[in-house]
1. Could you tell me which of rounded, prolate or oblate describes segment 191-279, using a ≥ b ≥ c as the square roots of the eigenvalues of the alpha-carbon gyration tensor, with rounded for a/c under 1.5 and, failing that, prolate when a/b is larger than b/c and oblate otherwise?
2. Under 13 Å Cα-Cα from LYS244, which aspartates and glutamates qualify once same-chain neighbours fewer than 8 residues away are excluded?
3. Could you tell me which residue out of GLY242, ALA156, ILE67 lies farthest along the dipole of the chain toward its positive end? Charges go on the beta carbon: Lys and Arg +1, Asp and Glu -1, centred on the Cα centre.
4. Return one number: the angle in degrees, 0 to 90 and rounded to the nearest 10, between the long axis of the Cα atoms of helix 208-228 and the longest principal axis of the Cα atoms of the chain.
5. Can you give the charge dipole size of the chain about its Cα centre, rounded to the nearest 20 debye, using +1 on the beta carbon of Lys and Arg and -1 on the beta carbon of Asp and Glu?
6. For the chain, set up a GNM with springs between Cα atoms under 10 Å and report which of GLY159, GLY242, GLY299 has the largest fluctuation.
7. Here are some pairs, LYS65/LYS116; LYS252/LYS297; LYS303/LYS360; LYS52/LYS360; which of them have Cα atoms lying more than 19 Å apart in this structure?
8. Measure nothing but the geometry: give the 0 to 90° angle between the long axis through the Cα atoms of 2-19 and the longest principal axis through the Cα atoms of the chain, rounded to 10°.
Amino acid sequence: MKINNIITVLAIATVAAFTACEKDTFREKPGVCPIVLSTNPENGASGVPLEKIITATFNTKMDPKTINESSFTLTGESELAGTVTYNDENRRLNFVPDNPLAPGTSWSARIATTVKDEHGNALQTDYIWSFTTGTATAPSANGVNLNSVAGFGIFAGAGISNNAGFSEIRNLNIGITPGVRSAVTGFPPAIVVNGAIFASGDASPDGVSDMLIQAKQDLIDAYLYAESAVSPAPATVAGDQGGKTLAPGIYKSTSTLLIQSGDLTLDAQGDENAVWIFQIAADFTTVGGAGGSVILKGGAQAKNVYWQTGSSATIGDYTSFHGNVLALTSITLNSGATATGRMLARNGSVVMTNNNIIEKP
């Protein structure tokens with residue numbers, strides 16, 4: 001019996017010796033080696049979007065300190081700079097490039113053996129995979145693709161607040177990143193109807209951090225697309241647009257833009273697919289009183305109107321607004337203002353002042 005026990009112990013020790021991960025400076029957990037389960041894009045993928053965030057999912061929880069810009073690299077014609085993060089909840093590495101991927105390029109992604117799990121076990125070999133990007137699409141006035149951020153009525157970088165009153169966001173979500181849930185205030189009395197609030201640091205649902213990172217990237221891409229659109233040739237506008245009627249197209253302002261002395265009418269002239277892109281270099285303000293609303297006519301749809309704002313936007317008291325605001329900094333809805341569209345702020349906050357409504361376009 002004792003001999004059998006000795007043989008069993010020796011057998012277990014032998015298995016452990018052969019299944020243990022390579023030794024390193026951390027404590028080990030024999031028999032469990034970290035591996036990469038999946039990647040996005042997958043190995044060999046083609047036609048990958050230029051705005052793609054690269055991810056890799058591990059089989060076990062990893063040591064975040066070992067996952068950084070040194071242990072992960074992405075190389076095309078040269079190494080691409082970007083930000084590497086790790087989400088412990090879903091065991092996922094995320095790489096957000098500083099610039100869009102070059103089109104029609106073969107890319108090689110590499111995770112080095114300096115990456116370790118929470119027990120100090122190292123990746124046993126470099127994990128390398130490759131993919132090819134698709135072709136670039138020239139900016140045009142055929143609409144701005146919001147991709148995943150289209151699911152949000154409010155998206156902000158720093159804060160989201162409802163200062164007073166029973167504001168509503170209808171049939172759209174609210175999202176904030178890198179701001180956290182404590183930066184979302186005034187809910188209730190504000191409510192989200194047929195939607196939810198998502199914030200960085202939320203433990204559930206699974207993958208919320210990655211979802212918000214992707215939405216933020218999609219917002220940046222949409223903002224840059226709208227800002228650089230050149231076809232048809234932009235028409236120059238300046239000052240107060242109140243009382244005017246504008247046909248579909250691109251309208252460019254080199255400073256601030258107002259809607260004050262009357263309403264601005266957007267006339268699609270019977271084309272329900274008509275698009276308006278407003279390129280505003282500085283602040284954009286609608287002022288309630290003698291107008292200040294955006295009126296749609298001739299089949300125009302709010303989902304096809306884009307207000308790219310190089311600073312901050314303010315939607316005036318008790319005005320009716322239509323379209324998607326893509327602001328570099330912040331957005332404020334003054335008392336009683338309503339919007340059919342989206343309020344998307346890249347870096348700052350979205351503030352609802354009192355009894356505001358944001359509805360899906």
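Bear in mind these aren't lab numbers, they're just calculated from the coordinates by the rules spelled out. Worth saying up front: this structure is predicted, and the values here are computed from it rather than measured. All Cβ positions, even for glycine, are placed from backbone atoms using ideal geometry, and neighbour counts span all protein chains on display.
1. prolate
2. Qualifying aspartates and glutamates at Cα under 13 Å: ASP263, ASP267.
3. It is ILE67, whose Cα lies furthest towards the positive end.
4. Helix 208-228 sits roughly 40 degrees off the main axis of the chain.
5. Computed charge dipole of the chain: roughly 480 debye.
6. Answer for the Gaussian network model of the chain: GLY299.
7. Those over the limit are LYS252/LYS297; LYS52/LYS360.
8. 40
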